[in-house]
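Student: Could you have a look at this structure, given as structure tokens, before my questions?
The values are calculated or read from the model by the stated rules, or taken from the named source; none is laboratory data. Everything numeric in this text was worked out from a predicted model, so none of it was measured. Cβ placement follows ideal geometry from the backbone for every residue including glycine, while neighbour counts extend to all protein chains displayed.
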Amino acid sequence: MYDNDNIFAKIIKGQIPCKKVYEDEDVLFFEDINPVSKVHVLGIPKVKCVNFSEFIENNDKEIVANFFQKINLVVEKLGIKESGYRVISNSGNDGGQEVPHFHVHILGGERIGPKINS
Ligand code: AMP
């Protein structure tokens with residue numbers, strides 16, 4: 001069940017500020033408030049979905065494809081396409097998900113260690 005008051009829903013609605021990296025009508029990318037690497041950006045689709053599986057199962061292919069294409073665009077915009085990066089999505093309890101709105105972490109700007117998960 002999607003919580004309309006989760007922190008990322010509030011960021012989409014502009015009720016909580018964020019440092020925007022990229023936004024259009026379908027997606028929002030912004031800096032993580034507690035970065036674990038030199039570059040740490042979060043990406044969210046604006047549709048209401050709790051986790052990765054919900055996003056994939058409940059949305060048209062165009063919306064899913066567009067989100068992943070926007071990740072690639074942001075990677076380019078961040079200047080980390082050549083140096084390398086990691087895209088992570090934590091799902092559910094075992095995945096270590098804290099915020100119940102599907103999101104990806106884009107980590108880069110330095111060598112990312114093997115165990116880092118957000
Ligand atoms: P996860 O554990 O995958 O759900 O990751 C949630 C991420 O959201 C963490 O890396 C937090 O640092 C980040 N976060 C929480 N609140 C905010 C906020 N207001 N602005 C930016 N990032 C946030």
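Student: Going by what's in this entry, would I88 be described as out of contact with any helix residue (DSSP H, G or I) (no Cβ under 6 Å at 6 or more places or on another chain), at pLDDT 95 or above, under 20 Å from K20 (Cα atoms) and surrounded by 12 or more Cβ atoms within 10 Å (Cβ to Cβ)? Steps first, please.
Tutor: On the way: out of contact with any helix residue (DSSP H, G or I) (no Cβ under 6 Å at 6 or more places or on another chain): yes; at pLDDT 95 or above: yes; under 20 Å from K20 (Cα atoms): yes; surrounded by 12 or more Cβ atoms within 10 Å (Cβ to Cβ): yes.
So I88 fits the description; yes.
Student: Just checking, how many residues over segment 17-69 are part of a helix (DSSP H, G or I) and within 11 Å of the ligand (Cβ to nearest atom)? Steps first, please.
Tutor: Kept after step one, since they are part of a helix (DSSP H, G or I), are these residues of segment 17-69: 52-58, 61-69.
Checking the rest, the ones that are also within 11 Å of the ligand (Cβ to nearest atom) come to 52.
So the answer is 1.
Student: Let me ask another. Consider segment 14-47. How many of its residues are of a type outside the set (D, E) and crowded, with 17+ Cβ neighbours inside 10 Å?
Tutor: Residues of segment 14-47 of a type outside the set (D, E): 14-22, 27-30, 33-47.
After this cut, where a residue has to be crowded, with 17+ Cβ neighbours inside 10 Å as well, the list is 18, 21, 27-30, 37, 39-47.
Residues in segment 14-47 being of a type outside the set (D, E) and crowded, with 17+ Cβ neighbours inside 10 Å: 16 in total.
Student: Could you check, for segment 87-95, whether at least one of its residues is within 11 Å of the ligand (Cβ to nearest atom), at positive phi and part of a helix (DSSP H, G or I)?
Tutor: Checking segment 87-95: at least one residue is within 11 Å of the ligand (Cβ to nearest atom), at positive phi and part of a helix (DSSP H, G or I).
Student: Can you say whether S83 is out of contact with any Cys (no Cβ under 7 Å at 6 or more places or on another chain), among the hydroxyl-bearing types (S, T, Y) and within 11 Å of the ligand (Cβ to nearest atom), as far as the supplied structure shows?
Tutor: Details: out of contact with any Cys (no Cβ under 7 Å at 6 or more places or on another chain): yes; among the hydroxyl-bearing types (S, T, Y): yes; within 11 Å of the ligand (Cβ to nearest atom): no.
When the stated conditions are applied, S83 does not pass them.
Student: Sticking with this structure for a sec: Would you mention how many residues in segment 68-80 are over 12 Å from Y22 (Cα atoms) and either under 14 Å from the mean Cα position of the chain (by Cα) or among the basic types (K, R) (or both)?
Tutor: The initial filter retains those residues of segment 68-80 that are over 12 Å from Y22 (Cα atoms), namely 68-69, 79-80.
When the remaining residues are screened for being either under 14 Å from the mean Cα position of the chain (by Cα) or among the basic types (K, R) (or both), the result is 68-69.
Residues meeting the conditions: 2.
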